[in-house]
Every structure is written in structure tokens, then in C-alpha cells.
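Student: This is the structure I want to talk about, given as C-alpha cells.
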Amino acid sequence: MKSEIKIKLRSDVADIDKWNLSGLFKTETDWENSLKELENRIPEIKKYKGTLHESANQLKTCLDLVTEIEIHDEKLGNYAFLRNTEDVGDSKGQDRLSRYMRVTSLLGTELSFLNPEIQAIDENITKNYLKDKSLEAYNLMLKKLLRFKPHVLSEKEEKLLAMQMEARQTPGKVFTALTDVDMEFGSVETKEGDIPLSQSTFGMLLINNDRAVREKAYRQFYAKFSEHKNTLASLYAGSVQQDIYQAKVRNYPSTRAQRLFPDNVPELVYDNLVKVIHENLPLLHKYYSFRRNKLGLKKLKHWDVYVPLLGSISTKYTYEEAVDLINKAVRPLGDEYCKILNDGLLEGWVDRYENKGKRSGAFSSGGYTGNPYIMMNYKETVLRDIFTLAHEGGHSMHSFYSVKNNNFQNYNYTIFEAEVASTFNEQLLADYLYKNAESNEMKAYIIGKRIDDIIATIFRQTMFAEFEHEAHAMVEKGIPITVDSIRSKYRELMELYFGPDMELEEESDMEGLRIPHFYRSYYVYKYATGLSAAIALSEKVLNGGDSEQKDYLNFLKSGGSKYPIDSLKLAGVDMSNPEPVKAAMKVFEELLDEMTELME
């Protein structure tokens, strides 16, 4: 009789498998007291209102107080967020996060005068402030802030927008609650036993060697999403409308212009990415044709695109073995990097395994206080999870070095840069596994994994980026998002990207309504640009010496002290032109040729 694989309750998870949040707060009582303290301190900000033009010292005193309060606020919010992800259905976690959001909304409201008042200061006074040594720690922050001057509203308007902050998160919060908690997907029978189908196990089931298992998981999963298609379409429409409203009231020509402005990334970077990928879609179609032939199929189905082509090769790594493997792979970055990462992964940075109600997927959450925490849903038989752990470890090391080398105002790097640090580690891991492979079959397997990652991170994320841009453009032109319109748009892109060898199902385009990142608009393109940059930089480090290693570590240490394209230029790659993406496509072509040769 087959055994049923059960997902643990949070209360049954061993402490060693949980993250250690004592670096933020040792007890719940400490958090509660700290929340009260923050709320009590908020009124202190009022006394500076209307005085910031008086002197550099007055501005510095105000900014010192705001910085202190914002560090306090970030610490509280990070703890509440992390605890909520442990079990998103837990009412205590929801209550904690809700109470934090109320207080941080009050803070945002109280701070709403700050940016407009600084930007309203006479230009000559501002120039003197920027030269004043007492404001040196805030110099870069002030320059960035003044750049936003055309898009900052009046004090009253900023206050109204700040008061809407919590309400603006409603579509994303409802989407998460619906898809991670309320939806019940049942279970799927496999040779290993009945596996509960969830957001987390779905990916694992799609790489199962049994095609019937993959098909059942796929149909069962999307059938549940189809049951909620109207709700999901309404939620996404609401999110898009919120985005467009924010762009309009802040005087941006479009949502995309607003989203790219903070990173100082030209919109041409976005367009160049899509253009280069479109030019290389024949390569992707060639791969899908190769995959279809190797799987012995007349038509490739959507549930066939993730299963390893060498199904006879299986891997199993305990969590500790995975950490050891990653430690060996990142050796080119030096002893200090390796020790910090290894200790962190084993000693409290990571919440390791799935439990009932836990948020799906994985993330790294770094802050100025505490450790750069990692949420995983690690599975020993899924090689991809080792890459995910290396990926999130890259994020966390980026956070670690950023905090150690910058003040609070300049430590927080952009997502554009973050996706370089994470996928860079994946490149090192792939290189190590390939060089230590014991057979051509294993080499082909690893190459296949690299190909799959380039597809997932560059091709697929570019497709997602193209979709959300077209969705926003639709609404900006007055075309409403409906179930039919959004599914039709997504299906067009699926047909374009997957090509003639793919036979889509009726429910396949429901994928467009289940991507969590779409609730953070114009985010996913950074995965594609990030991996393109990471491929270039990893080649430099693997084939270089101390200089290349130092350049890369200096990039990690730069934090948010430069705009992302400038910081990457210092590390040795220029993302303002399409060449890194073209180079990544060249690597993809070489990998495809090598895999074809090895497998034949």
C-alpha cells in the first residue's frame, strides 16, 4: 500500500528547520512593545514641518530623526511580514501584519510633508545644502529626491496618497489569500504515494517522469484556477488600474515610465530586451522541437516543458548536502564570502521546508537590522531547489555586504541589481556541477538544466514582461481587462513564444492569471536583464583572477550608492545596450548545440 505524503503543520516544524528571527525581536512581547513605541514616536516628526529651509542643521536633525524611525519601522515590518509568510492563513499573523500596516500608514501620512517640503526649498539654498559637510550622509538621497521633483505633489495630495497605501495592497493580498490558502487542489497519485497538490508541489509534479502524473497535476491545478477566473481577472484588473492611477496623478506618461524612473533605467532597455528575444525565438522553437523529439511525442504539451530530458538520472541532496555543494561552487568568490554564506544557510537565515499554509515559492528578505532571511520550500529530490537556494543565497549575500558597507540611506540596492547577484550564484553552481560531472549523461543533464533556466529566466520572464506591458497599455488606451481579453492576450504570447511544436490546452492561458509577480508591475523584466548580466560577470570571475573577484565583490558592496546601470558598469557589464542580452542568447545557442551533440 502506498504511503501518503503529508504536509506538516507549522507547529510541528523543528526549530532547526525554521529561520531564527531573534535578530529582529527575541519575543512577541518585544515586537508588541516596539510597535507601541513606534506609534508614540510618530508625532515627533511634526515639529520639523515648515522649518527645513531654515538651515542645513535643521534639515540634518530632521533627517536623523526620520532615519531612526524608518529603521525602527523597517525592523517591525520585516518581522511581521516574515511571520505572516510562515502560515498565511494564521489569524495571529494576519492580525500582526494588519496592525503594523495601520501604524506604518500613520507614519507615511505624518511623513507626507517631507519630500514636497524639501523639493520646495529655494534652489540656491538646496545647492548650499548639498555642499554642507553636515549633510554628507544624506547627499545622494537628497540628489535622488530632487530628481523626483516634477512628480511629487502638494503636501495635502501626498497625505491623501499615503493614507491609501494599505488599500492599494488589497488586490495582491486577496490574490495571495485566494491562491495560497482558500484554493484546495486535492492530491495527485504517484509511484511514491499521493502527493498533495499545492502552489509549491505543482512545480515538482511537472518534472515527474510519468507523463500521466504531469498531465493530471496540470489539468487539476488549472481547473481550480478556471473556477475562480472571474475573481482573478477582476483582481488583476484592479491592480492594473491602481498602477495607472498612481502614474497619472504623479504626472508620468505611463505606468512603465513611472516604474523605470526610480532606477534611472531608460525605457529603451525594456524595448531592447523584447526586441532581442523576439529575434532569437527561432532558437527557442528549435529547442522545443528537440525536446519534443527526445520525448518521442507527436505534439509537445505545456506539461512536457519542464521534465528533465534524461529521465533516468535522479538526484537527492539533503538540505545540508545542498549547502555544502553551494559552498564549493562559490569558492571563486573567496573564503570570506563562502564562510558567511555557509554559516548563514546553516545557522538561522533559512526557513527550510514547506508547511501547511506557508507561502509558496522562495524569497530573500534583507533589512538593515537582523539577518538577510531566506524562505524556502526545499525538496531533496528537486535539483532546481538547490539552484533556488543558491539564488536566494546570492540575494542574501548582496544584502549582507550592502548593510556592512553603507549607511541606511544608501544600503538598499534595486531589484535590477539584485537579480544579478542571485543568478550569478546559479551560474557558479552550474559551472561546478558540470566540471564535476561523472558522465556525459550527467553533463547533458546539467546543460539541460542551464538551458531550462535561461528559458525560465530570460525567455519566459521577457514573455511575462511583454504581457504585463500590453495589459497596462490596453487599460491606458481605455480597453478594459476582462477574462476573455486578458486570456486572449496571454494566449497570443504563448503561441508566439512556444512556437509550432506546442499544442496548448483550453485552460493553458489561465497561467496569465496566476503569476504573483504581476501584482508588482514591471518587475519581471529584471530577471531577464539580471541573468544576462550575471552570465557575463560569472564568465569574468571564473576565467579571471583577484581583480575580477574584487570588482564583483565591490559591486555587491556598493548597495544602493549608485544607479544600477552605473554600478554594473563598474563591475564590467553595460546593460544600457542590448549586447549582454545578445551574448546570453549566444550562450543559449552553444548550450543547445552541446546538449544535442552529447545526447546523440
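Student: (1) in contact with a helix residue (DSSP H, G or I) (Cβ under 6 Å, 6 or more places away or on another chain); (2) part of a helix (DSSP H, G or I); (3) not hydroxyl-bearing (Ser, Thr, Tyr): which one isn't true of Asn208, the others all being true?
Tutor: Here Asn208 clears every test but (2).
Student: Give the residues of the range 121-157 that are exposed (fewer than 15 other Cβ atoms within 10 Å of the Cβ) and small (Gly, Ala, Ser), sorted by residue number.
Tutor: Once the filter is applied, which keeps residues that are exposed (fewer than 15 other Cβ atoms within 10 Å of the Cβ) and small (Gly, Ala, Ser), the range 121-157 yields Ser134, Ser154.
Student: Out of Leu107, Leu114, which single residue is at pLDDT below 95 and surrounded by 15 or more Cβ atoms within 10 Å (Cβ to Cβ)?
Tutor: Result of the check over Leu107, Leu114: Leu114.
Student: Of all residues in the range 49-78, how many are in a helix (DSSP H, G or I) and either touching a strand residue (DSSP E or B) at 6+ places or on another chain (Cβ under 8 Å) or free of Cβ contacts under 8 Å to residues at least 60 places away in the same chain (or both)?
Tutor: Of the residues in the range 49-78, 13 are in a helix (DSSP H, G or I) and either touching a strand residue (DSSP E or B) at 6+ places or on another chain (Cβ under 8 Å) or free of Cβ contacts under 8 Å to residues at least 60 places away in the same chain (or both).
Student: Moving on to the next point. Checking the condition more than 15 Å from Gly344 (Cα to Cα), of a type outside the set (Asp, Glu) and touching an Asp or Glu at 6+ places or on another chain (Cβ under 6 Å), which residue from Phe387, Phe408 passes?
Tutor: Step by step, each of Phe387, Phe408 is checked, and only Phe387 is more than 15 Å from Gly344 (Cα to Cα), of a type outside the set (Asp, Glu) and touching an Asp or Glu at 6+ places or on another chain (Cβ under 6 Å).
For every residue, the table says whether it meets (1) in contact with a Ser or Thr (Cβ under 6 Å, 6 or more places away or on another chain); (2) within 20 Å of Val174 (Cβ to Cβ); (3) touching a residue at least 12 places away in the same chain (Cβ under 8 Å); (4) in the same structural domain as Lys159 (by TED's automatic domain parsing).
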{"residue": "Ser98", "(1), (2), (3), (4)": "no, yes, no, yes"}
{"residue": "Leu111", "(1), (2), (3), (4)": "no, no, yes, yes"}
{"residue": "Glu117", "(1), (2), (3), (4)": "no, no, yes, yes"}
{"residue": "Ile121", "(1), (2), (3), (4)": "no, no, yes, yes"}
{"residue": "Lys133", "(1), (2), (3), (4)": "no, no, no, yes"}
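Student: Also, quick follow-up: Given (1) of a type in the set (S, T, N, Q); (2) within 20 Å of His517 (Cα to Cα); (3) surrounded by 22 or more Cβ atoms within 10 Å (Cβ to Cβ), where does Thr414 come up short, assuming only one miss?
Tutor: Against the list (1) of a type in the set (S, T, N, Q); (2) within 20 Å of His517 (Cα to Cα); (3) surrounded by 22 or more Cβ atoms within 10 Å (Cβ to Cβ), Thr414 comes up short only on (3).
Student: Quick one: what pairs do we get from the range 230-244, first residue within 9 Å of Ile481 (Cα to Cα), second surrounded by fewer than 20 Cβ atoms within 10 Å (Cβ to Cβ) and polar (S, T, N, Q), C-beta under 7 Å, 6+ apart or different chains?
Tutor: Correct list of pairs: Ala233/Thr482.
Student: Give the number of residues within the range 335-350 that are touching a helix residue (DSSP H, G or I) at 6+ places or on another chain (Cβ under 7 Å) and either surrounded by 20 or more Cβ atoms within 10 Å (Cβ to Cβ) or touching a residue at least 40 places away in the same chain (Cβ under 8 Å) (or both).
Tutor: Result for the range 335-350: 6.
Student: I would also like to ask the following. For the list (1) loosely packed, with under 15 Cβ neighbours inside 10 Å; (2) among the aliphatic types (A, V, I, L, M); (3) in contact with a strand residue (DSSP E or B) (Cβ under 6 Å, 6 or more places away or on another chain), I need the number of the one condition that Ala212 fails.
Tutor: (3)
Student: Among what's in the range 240-279 and is within 21 Å of Asp566 (Cα to Cα) and hydrophobic (A, V, I, L, M, F, W, C), pick the residue that is nearest to the chain's Cα centre (by Cα).
Tutor: Leu260
Quick grid of which residues meet (1) polar (S, T, N, Q); (2) more than 17 Å from Lys557 (Cβ to Cβ); (3) not in a loop (DSSP other than H, G, I, E, B):
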residue	(1), (2), (3)
Glu392	no, yes, yes
Asn410	yes, no, yes
Ala418	no, no, yes
Ala437	no, yes, no
Asp453	no, yes, yes
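Student: Identify all residues within the range 240-280 that are more than 17 Å from Lys144 (Cβ to Cβ), out of contact with any His (no Cβ under 8 Å at 6 or more places or on another chain) and among the basic types (Lys, Arg); write none if there are none.
Tutor: Lys248, Lys275, listed by residue number.
One line per residue, one yes/no per condition, for (1) among the basic types (Lys, Arg); (2) at pLDDT 95 or above:
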residue: Ile16; (1), (2): no, yes
residue: Lys36; (1), (2): yes, yes
residue: Ile42; (1), (2): no, yes
residue: Thr51; (1), (2): no, yes
residue: Asp90; (1), (2): no, no
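Student: Would a scan of the range 370-390 turn up a residue that is among the acidic types (Asp, Glu) and in contact with a strand residue (DSSP E or B) (Cβ under 6 Å, 6 or more places away or on another chain)?
Tutor: no
The values are calculated or read from the model by the stated rules, or taken from the named source; none is laboratory data. All of these numbers come straight from a predicted model, not from anything done at the bench. FYI the Cβ positions are ideal-geometry reconstructions off the backbone, even for glycines, and counts take in every protein chain you see.
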